[in-house]
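To keep things clear, I will list the structure first and then write my remarks on it.
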C-alpha cells in the first residue's frame, strides 16, 4: 500500500516492481500477487489497460490508519482502558494533534477549548500541533519499541 500511495495515481505491477527493486530483489509475481490480494480485500481498485491492470488506492493513508485503529479498538473488551493505554504511548506532540482533532470533530475553536489561565498556571499551550501522518504515528526522536515516549 505504501508504494501505491507514494505514486498517488493508478500504477502497474511493473512500476511498483521497479520502485521496490531499487531497495531489494523481488519477483514480478510476488508484487502481482500482493496487489491482487489488496484488490480482493477491497483496499485497491484496478482497471484493465491492455494485458495489465492499473491499481489505485481506494482510500487515503490517513483513512486507512483510522480504520485500523477503529478495528483494533472495537476488538477490545474494555474500550476505555485501551484508549488510556494508547494515549499513554503517544508523544506530547501526538497528544496535541489528538486534542486538535477532537476540537475539529466537535466544532470548537481553540479559544473555546482553552481552560482558564488559573487552571493552567497562566501558561497557555501555544506549541503547534504535529501532523501525526508525517511521523507515521511515532515520535521521530524515539527509539523503536519505546512506545514513542
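What follows draws every value from the coordinates through simple rules; no lab data is involved. Not measured: the values here are computed from a predicted model. So basically every Cβ, Gly included, is an ideal-geometry build from the backbone, and we count neighbours across all protein chains shown.
Stretching residue 34 away from residue 73 to a fully extended chain increases their span by 11.4 nm, per 0.36 nm per residue minus the current alpha-carbon distance.
Tell me the Kirkwood radius of the stretch 2-57: reciprocal of the mean inverse pair distance over distinct alpha-carbon atoms, in Å. Show your work: numbers first, answer last.
Values: mean 1/r = 0.0890 Å⁻¹.
After inverting the pairwise mean of 1/r, the radius is 11.2 Å.
With the highest mean first, a sort of the peptides 9-16, 64-71 on other beta-carbon atoms found within 10 angstrom per residue produces 9-16, 64-71. Classified by the C-alpha gyration tensor, the stretch 1-101 has a prolate form. Its axis ratio a/c, with a ≥ b ≥ c, is 1.5 or above, and a/b is larger than b/c. Extending 7 Å from Cα along the Cβ direction at residue 106 and again at residue 18 yields two label points whose distance is 5.1 nm.
Inter-part distance, the stretch 1-40 to the stretch 47-71, computed on C-alpha centroids, equals 12 Å.
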